[in-house]
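Undergrad: Pasting a structure below so you can have a look.
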């Protein structure tokens with residue numbers, strides 16, 4: 001095929017983002033799903049706190065960024081009042097977006113040559129992120145105390161004799177209460193002879 005190969009729109013060149021944010025084809029971080037420890041106990045807290053858009057007022061590479069600022073930025077600020085947006089004009093510099101999150105991490109991304117619609121999708125993408133780097137999942141289950149037995153299940157420590165026990169079984173189906181009832185306590189006291197001492201005194 002003659003000519004230059006055109007990359008798809010969703011392709012991210014390594015120079016457009018930092019390694020800690022996305023990774024690349026040669027170095028990919030491994031890990032598990034992580035989120036803010038307080039997320040899910042109350043109302044939703046957006047992890048993105050600050051967005052800085054750096055652009056040039058005259059450069060052709062910043063045209064998409066300027067169009068996004070003029071057409072989409074006001075609606076974004078109304079929809080996400082908890083996110084602070086800073087505009088930083090720079091002369092003869094490529095457009096850049098810097099996103100800062102609650103966990104202290106920041107993601108840098110170049111916007112050179114991107115359209116307004118493309119930048120809108122990337123801003124929405126960073127708004128919904130937790131700030132943790134994108135990792136490749138190696139396991140479906142995560143635990144602080146790994147075990148060679150695998151994930152816990154209700155039949156993990158059951159006796160092996162239950163495999164040959166015919167069901168239904170009266171002994172296995174008997175209810176075992178966590179606390180002793182009052183009737184059971186009186187029956188045990190009567191069997192031990194303590195109930196007579198309580199009713200008739202110590203002399204009897």
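Undergrad: Quick one: which of 170, 161 is at pLDDT 80 or above, assigned to a loop (DSSP other than H, G, I, E, B) and not assigned by TED's automatic domain parsing to the domain that holds residue 77?
TA: Details: 161 fails: assigned to a loop (DSSP other than H, G, I, E, B).
Just one listed residue meets the conditions, 170.
Undergrad: Just to be sure, is residue 94 closer than 30 Å to residue 46 by Cβ, part of a loop (DSSP other than H, G, I, E, B) and at pLDDT 80 or above? Steps first, please.
TA: Details: closer than 30 Å to residue 46 by Cβ: yes; part of a loop (DSSP other than H, G, I, E, B): yes; at pLDDT 80 or above: yes.
Yes: the conditions hold for residue 94.
Undergrad: Before we move on, is residue 69 farther than 21 Å from residue 129 by Cβ and either modelled with pLDDT of 95 or more or not assigned by TED's automatic domain parsing to the domain that holds residue 114 (or both)?
TA: Working: farther than 21 Å from residue 129 by Cβ: yes; either modelled with pLDDT of 95 or more or not assigned by TED's automatic domain parsing to the domain that holds residue 114 (or both): yes.
Yes, satisfied.
Undergrad: While we're looking at this one, here's another question. Check 121, 87 and return the single one that is free of Cβ contacts under 8 Å to residues at least 40 places away in the same chain, out of contact with any helix residue (DSSP H, G or I) (no Cβ under 6 Å at 6 or more places or on another chain) and part of a strand (DSSP E or B).
TA: Working: 121 fails: part of a strand (DSSP E or B).
The conditions single out 87.
Residue-wise test of (1) closer than 18 Å to residue 127 by Cα; (2) out of contact with any strand residue (DSSP E or B) (no Cβ under 8 Å at 6 or more places or on another chain); (3) not assigned by TED's automatic domain parsing to the domain that holds residue 133.
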site: 43; (1), (2), (3): yes, yes, no
site: 47; (1), (2), (3): yes, no, no
site: 50; (1), (2), (3): yes, no, no
site: 58; (1), (2), (3): no, yes, no
site: 62; (1), (2), (3): no, no, no
site: 77; (1), (2), (3): yes, no, no
site: 87; (1), (2), (3): yes, no, no
site: 93; (1), (2), (3): no, no, no
site: 111; (1), (2), (3): yes, no, no
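The values are calculated or read from the model by the stated rules, or taken from the named source; none is laboratory data. What you are looking at is a predicted structure, and each value in this text was computed from that prediction instead of being measured. So basically every Cβ, Gly included, is an ideal-geometry build from the backbone, and we count neighbours across all protein chains shown.
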